[in-house]
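The values are calculated or read from the model by the stated rules, or taken from the named source; none is laboratory data. Note that the coordinates shown come from a computational prediction; the quantities given were computed from them, not determined experimentally. Ideal geometry is used to build each Cβ from the backbone, glycine not excepted, and the neighbour counts take in all protein chains shown.
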Amino acid sequence: MTRRVVGRTSTKPLAWLAALAIVAGCSNDKDIEKPSELVDFKPTLTVDRVWSASAGGGDDVMRAGLAPAVAGETVYAAGRGGDVLGLQRADGKSLWRSRTKAELTGGPGVGAGLVVVGSTDGEVIALDAKDGAERWRVALGGEVLSAPAVSEDAVVVRTVDGRLHGLAPADGKTLWREEQAIPRLTLRGAASPVIAGTTAVCGFDNGRAIAIDVRNGEMLWESLVAPARGRTELERMVDIDSGVKVSGADVFVTGFQGRVAMLALDNGQSWWSREISSHRGLDIDDDRVYVSTSEGDVAGLRRRTGVEEWRQDGLRRRGLSGPAAIDGFVVVGDGEGYLHWLDATTGAFVARGKAGGRVTNAPLVAGDLLLVQDDDGRLSAFRPRR
């Protein structure tokens, strides 16, 4: 049975149309509903800000896909203005800063000794992970709005024109390319590809998730996660704009006006699916799948069955980020720069704090730290303390 948690209130051109429709609630009969007021609760968790740094290049409008990445003891971040940073994870001390002079909108992705970012002009830039020196730069032609995935076999990049590119890690030359049909009306955004072993999995604006062998570009499977329904183009939007989560042999994916689903990594078979709309994404732990819904709810589902256990509806229309699961808690950011900490078992609020400016992209868990980059380019590390 679903537990609904409430609180006491205290005193592309067409892509922009879609974004406005979400905010407005698509209603012609009612006034636009305002964001929920923050609930009043007694905090039961202390959260410390450990360090902060700035990648620069604030983004007031475009909602770029810029979020931190971690490899070992180093945190990597990129700013809209073109800077890419390497920082010590423990204290945020700067290790290097590279100025790409590009208008960055996606990344970074990290792997195989590379830090890879993408630009609004369709450039993909690979830097050396040790010192930030530029290794190569190629033009793909389509805007990059999500982090590339990097392995020893390929750098996999999703562009907004519906293409998935496999590039050679050594020099950026094209190894293979897969293309999916893109509907006329879509949300602004693109899912980040994820590499598991030699398999890359990525969602697309047509509601499909696909798996590709990164070594040769062979299509391994294709799964329709969010079938289009309705008569208007707005009703038929089914974008998968957030990266999948891969755990062992399982793939978890969610789409706008579609479903949350658990798929088999080897063949794409659906083990379960639930009717939940999300364009911000999900996270998982050993017990549950956590989803930020399009309405602004946060839902907790049983990982093995998809049965909804609880739903926190106290953050509706607050422009939530995707969730992050950390040490028995679930964290989401919002459009005013707040971080909301929920109990992973019940969905109840346990803490709240200001991260900075608007938080569009999901926080990242790195050990006992939660890393958050706001849309002003400010990167902060938080640690929960019971």
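Data for the structure
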| quantity | calculated |
| --- | --- |
| Filter result for residue 333 (crowded, with 24+ Cβ neighbours inside 10 Å and under 27 Å from residue 84 (Cβ atoms)) | yes |
| Candidate set from the range 90-111 (those that are under 17 Å from residue 131 (Cβ atoms) and among the basic types (Lys, Arg)); member that is surrounded by the fewest Cβ atoms within 10 Å (Cβ to Cβ) | 93 |
| Looking only at the range 226-255, and only at residues there that are buried (at least 24 other Cβ atoms within 10 Å of the Cβ), hydrophobic (A, V, I, L, M, F, W, C) and modelled with pLDDT under 95, the one that is nearest to residue 276 (Cα to Cα) | 226 |
| Every residue from the range 262-282 that is touching a Phe, Trp or Tyr at 6+ places or on another chain (Cβ under 9 Å), small (Gly, Ala, Ser) and surrounded by fewer than 24 Cβ atoms within 10 Å (Cβ to Cβ) | 264, 268, 277 |
| Some residue of the range 56-64 being in contact with a Lys or Arg (Cβ under 9 Å, 6 or more places away or on another chain), under 23 Å from residue 281 (Cα atoms) and modelled with pLDDT of 95 or more | no |
| Residue 223 assigned to a strand (DSSP E or B), buried (at least 16 other Cβ atoms within 10 Å of the Cβ), of a type in the set (S, T, N, Q) and modelled with pLDDT of 95 or more | yes |
| Hits in the range 163-214 - residues which are closer than 19 Å to residue 123 by Cβ and in a strand (DSSP E or B) | 163, 164, 165, 166, 167, 174, 175, 177 |
| The range 99-149: number of residues that are assigned to a strand (DSSP E or B) and either on the phi > 0 side of the Ramachandran plot or in contact with a helix residue (DSSP H, G or I) (Cβ under 7 Å, 6 or more places away or on another chain) (or both) | 2 |
| Selected residue (criterion: surrounded by the fewest Cβ atoms within 10 Å (Cβ to Cβ)) from residues of the range 283-310 that are of a type in the set (Gly, Ala, Ser) and closer than 20 Å to residue 263 by Cα | 306 |
| Cβ-Cβ under 6 Å pairs, at least 6 apart or on other chains, the range 266-278 side closer than 22 Å to residue 212 by Cα, far side of a type in the set (Ser, Thr, Tyr) and modelled with pLDDT under 95 | none |
| Residues (within 24 Å of residue 188 (Cβ to Cβ), at pLDDT 95 or above and among the aliphatic types (A, V, I, L, M)) located in the range 333-370 | 339, 359, 362, 364 |
